[in-house]
Amino acid sequence: MDYFPLFLDLKRQPCLIVGGGEVALRKATLLKAAGAALSVVSPDLLPQLAQWRDAGELRHHARTFSRDDVAGMRLVIAATDDEQVNAQVHAECEARGVLVNVVDTPEKCRFIVPSIVDRSPLMVAISTGGTAPVLARQLRARIEATLPHGYGVLARLAGRLRDRVKARFTDERARRRFWETALDGSAAEKALAGNEAGALAELEHRLTLADDATLGRGAVYLVGAGPGNPDLLTFRALRLMQQTDVVLYDNLVAPAILALVRRDAERIYVGKKSNNHALPQEEINKLLVKLAQEGKAVLRLKGGDPFIFGRGGEEIEELAANGVDFEVVPGITSASGASCYAGIPLTHRDHAQSVTFVTGHRRGDEIELDWPRLTSPSETVVIYMGVKQAPRICEQLIAHGRAADTPAAIIEKATTAEQCVITGTLATLPALIEQHGIKPPALIIVGSVVTLHDKLAWQQPAVPADSTG
Ligand code: SAH
């Protein structure tokens, strides 16, 4: 993090702008809106600034900058076109510990001013850390377009009810849940439609109806996080990720996805590397029940889809047995992700009429697969958790009658920036996996559809670390 984001209360606080031109005017407009006690040092002023001076809305010192001007200031903006004066303002502020910004000169800024979307009291501030102001403005335009003006109304109403809600719910979690539901339904719709009185009445009604027992009840959300690329999350997943008290996650959940979970949520790693469970499955099942019974909203984040080789079923069986509320949210399973991002359709009229998902994971000494079922030339087989056992899997498929020259691919870290796709045949794939050092998570796809990769691959391969020079 290059800059610490914060919002300053500048009401009646002494602030100084050095300069009296266009830029100074823009900054003065903002500082005035924030209620600052504004002074401007400049030999001359634009008419608008002069008008504010005459109306007593700012103090004007009609001269050049002098060192002592910054004394007692909370915040200073240098907006002259004279580099020397700007540098002097900067040095003086730094020496006295006053926050300073020299316009358009990042190296002389102790603070920077973000692009804003103003729905006061709701405020969205965007910064690129001074690297690309145009990008920040573009993003701002997008948010402007999607954030209805009524959000400000909603925020203001919530502010009015805040103390009453606080008194009503002493439990912080129940309080948060009240707001989560209250701000999401018909009250919000009314506020967004500009019906402030109606929205307030609705919120008050909800407050009388809300009961602690329901709001304080825990639940488990078993959520599929997809194959690793955050863009492939569902809206429902993202929403639950924002509302959770505690999240249980494992290796398959990418850090970029975990970063989207509510910042204050407790994070519990229950990792899972093949045969080296950080927490045995039974313990995870029990932990989920325990946390929910404590009244928490528990997010169980799973890679891919929770019901495909994810033991999601086992986890909720335990919840159901204990009467814990739960919800299951599907995710994009890695077979779908890998298929699309590698340009290997899983079915295709000319190649494959069906697809089977199997696991290559070993139980004891055996890979328990129904081999004869996987040998039809018109069938695509996707093998999860098969990297280690690839030689055995390919050998068995051939032994049971699938042609040795059947096209086969392995896709490592599918859908992410590090995705790597290797293609060969059942006969050659194991050696290729070895040669390219492919590691889990990776999927094997077997079948004639793999030949389509050459034509349909659209995702650029990641630049290997060692080729960047
Ligand atoms: N529930 C998950 C699967 C869990 S089993 C799902 O629906 O995808 C774990 C296996 O999934 C890994 O061993 C690997 O075979 C596969 N996998 C998960 N994410 C992957 C990814 N980004 N790229 C390739 N394979 C992946």
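The values are calculated or read from the model by the stated rules, or taken from the named source; none is laboratory data. It should be emphasised that the depicted structure is a prediction, and the values quoted were computed from it without experimental measurement. Reconstructed Cβ throughout: ideal geometry from the backbone, glycine too, with neighbour counts over all protein chains shown. When the accessible area is computed, the model is the full protein with side chains, heavy atoms only, and any ligands, DNA or RNA have been set aside. Shrake-Rupley method; radii C 1.70, N 1.55, O 1.52, S 1.80 Å.
The GluC sites (Glu not before Pro) of region 50-118 meeting both criteria, a DSSP state outside H, G, I, E and B (loop) and at most 16 other C-beta atoms within 10 angstrom of the site's C-beta, are 57.
Taking label positions 7 Å along the Cα-Cβ direction at both residue 180 and residue 112, the computed distance is 3.4 nm, reported to one decimal.
For region 14-113, the relative contact order works out to 26 percent when only alpha carbon pairs closer than 8 Å and six or more residues apart are counted.
Label positions at residue 135 and residue 149, each projected 7 Å from the Cα along the C-beta direction, are separated by 3.2 nm. Here r is the Cβ-Cβ distance between residue 400 and residue 264 and R0 is 56 Å; the resulting FRET efficiency, rounded to 0.05, is 0.60.
Counting heavy atoms of the protein chains alone, residue 458 has an accessible area of about 130 Å² for a 1.4 Å probe. With each label modelled as a point 7 angstrom along the Cα→C-beta vector, the residue 458-residue 427 pair spans 3.4 nm. The alpha-carbon atoms of the chain, seen along their principal axes, cover 93, 62, 40 angstrom, with the largest extent given first. Relative intensity of region 14-113 on a log10 scale, I(q)/I(0) at q = 0.14, 0.16, 0.21 Å⁻¹, equals -0.43, -0.57, -1.02, per a Debye sum over C-alpha point scatterers of equal strength in the absence of solvent. Near residue 439, which lysines are there with a Cα under 29 Å away, not counting those fewer than 8 places off in the same chain? Those lysines meeting the cut-off are 272, 273, 302, 388, 413, 455.
When only alpha carbons are used to place a centre, region 253-318 and region 390-413 end up 32 Å from one another. Scattering from region 150-215 was approximated by placing one identical point on each alpha carbon and applying the Debye formula without solvent; log10 I(q)/I(0) at 0.14 1/Å stands at -0.35. Residue 162 label point, 7 Å along Cα→Cβ, cut-off 20 Å on backbone N: hits in region 123-142? Answer for region 123-142: 123-125.
Given R0 = 56 Å, the distance between the Cβ atoms of residue 376 and residue 26 translates into a calculated FRET efficiency of 0.20.
Which FRET efficiency value, to the nearest 0.05, is calculated for residue 66 and residue 235 with the Förster distance at 60 angstrom and r the Cβ-Cβ distance? So the FRET efficiency works out to roughly 0.60. In the full protein context, region 119-268 carries 54 Å² of accessible surface per residue, based on a 1.4 Å probe and ignoring ligands, DNA and RNA.
Looking at region 210-305, the trypsin sites (Lys or Arg not before Pro) that sit in a DSSP loop and have at most 12 other Cβ atoms within 10 Å of their own Cβ are 263. For region 1-87, trypsin sites (Lys or Arg not before Pro) are listed when DSSP marks them as loop and at most 11 other Cβ atoms sit within 10 Å of their Cβ; the list is 11, 12, 63. Stretched out straight at 0.36 nm per residue, the stretch from residue 57 to residue 201 would grow longer than its current Cα-Cα span by 48.0 nm.
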